[in-house]
Amino acid sequence: MSAALGGWVMVASCVLLAGCSAAGEQFDPPASTGEVLTGAGGGSASGGWASSSGLSDDPGEVGGGWPSGKLGPPYPIVLAHGFFGFEDFAGAGYVSYFYNLKETLAESGETIFTPAVDPFNSSEVRGAQLLARIEQILDATGHEKVNIIAHSQGGLDARVVAHDRPDLVASIVTVATPHLGSKVADVALELVAHERLQDILDDLINAIGAPLYDQIGNETSVFAALEQFSTPGIAEFNARFTDSPGVFYASFGGRTNRARGGRDCTTLTPAPFVAQFDDGLDPVHPLLSLTETLLDGGIGESFPNDGLVRARDARWGDFWGCIPADHFDEIGQLFGQSPGDGNPWLYIDFYRSVIARLRQEGF
């Protein structure tokens, strides 16, 4: 029985707040990717996708030159991955977490980075790792700040960075981040309440994950992440990592299982480009059907969600609306497949529009 329960939790943990996608389909990325292939074990930046506008070593030549001597806006874009996230799965050139997004945005002239952090840990740990990667990115590009666009747990990591070093972050836009926690985490922790079993499963994560990623240290813990997503855990996190006044915050929620949204998706500050997807109805991915039902609330009390995060729990800063996408569709997974019949959702167009909006805001 313990083995069966442990197996269930391993699967649930893989999916939870992840956009989790298994490596499988290969593609040939452009030469000289320049991604920050670093995780729990550390590493160094090797540059970014080159902007078509070109980067100069002279701070005054691009971005106008800031008093600090650093480059000003437009700032580089950092895509921050969620739980179980990765940049290059197993270092074998397989599909990345944000499916084919970095390459596509780079072709439009954007400078994009997708730094990897520990796929299984609390955002306090992951946020410190993300901060180290961002410092490397700024050293490499000469810019003063970055814009962070984050999915799922990556949004909590980004908030840690902005809290600790607000001088390095211009904006944070989160997509389906559990800012107010997730009921899925509460249920998972109830199912595996025995501390010894949690230790055993953490050991299994290390044993399985280390050969795949070559990024995981001995201190990684899936339960540190789950505890943070729980109701008491996220309350403690939010009390500790408050927003920084000089950083711009915006957020999106997701809606699936053909939900239209309703009150939880209503906002006074909608992003205009979300309107094109208003009529879209997303069929939930089979892997998320159980958790979507858990979050939905049932007859008479329906809560729009993306299969792992309720829209009301994803609201933070300026709420820009709900998108017709489940937790996988939001990042083009699995492997760039269609979001489902009748759904006009185009994830690459969405991220292009988010970046265009940030540029309009002066970031």
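Yes or no, residue by residue, for (1) at pLDDT below 95; (2) buried (at least 16 other Cβ atoms within 10 Å of the Cβ); (3) of a type outside the set (Val, Ile, Thr):
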{"residue": "279", "(1), (2), (3)": "yes, no, yes"}
{"residue": "306", "(1), (2), (3)": "yes, yes, yes"}
{"residue": "320", "(1), (2), (3)": "no, yes, yes"}
{"residue": "353", "(1), (2), (3)": "no, yes, yes"}
*Could you check how many residues of region 138-163 are more than 17 Å from residue 355 (Cα to Cα), touching a helix residue (DSSP H, G or I) at 6+ places or on another chain (Cβ under 6 Å) and either among the aliphatic types (A, V, I, L, M) or open to solvent by 10 Å² or more (accessible area, probe 1.4 Å) (or both)?*
3
*Which ones in region 323-344 are open to solvent by 10 Å² or more (accessible area, probe 1.4 Å) and closer than 30 Å to residue 230 by Cβ?*
329, 334, 339
_Only one of 103, 110 is out of contact with any strand residue (DSSP E or B) (no Cβ under 8 Å at 6 or more places or on another chain), farther than 16 Å from residue 158 by Cα and at pLDDT below 95. Can you tell me which?_
103
*asked:* Going residue by residue through region 135-143, is there one that turns out to be at pLDDT 95 or above, within 30 Å of residue 346 (Cβ to Cβ), within 17 Å of the chain's Cα centre (by Cα) and not aliphatic (A, V, I, L, M)?
replied: no
*Does residue 193 satisfy the condition of being assigned to a loop (DSSP other than H, G, I, E, B), surrounded by fewer than 19 Cβ atoms within 10 Å (Cβ to Cβ), aliphatic (A, V, I, L, M) and at pLDDT below 60?*
yes
*Among the residues of region 113-127, write down those that are buried (at least 24 other Cβ atoms within 10 Å of the Cβ), closer than 18 Å to residue 163 by Cβ and aliphatic (A, V, I, L, M).*
117
*Any idea which of (1) more than 30 Å from residue 355 (Cβ to Cβ); (2) at pLDDT 85 or above is the one residue 212 doesn't satisfy?*
(2)
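The values are calculated or read from the model by the stated rules, or taken from the named source; none is laboratory data. Bear in mind that the values here come from a model prediction, so they are computed numbers and not experimental data. Counting neighbours? That spans all protein chains shown, and the Cβs are built from the backbone with ideal geometry, glycine included. The area values use the complete protein model at the heavy-atom level, side chains included, leaving out ligands, DNA and RNA. Shrake-Rupley method; radii C 1.70, N 1.55, O 1.52, S 1.80 Å.
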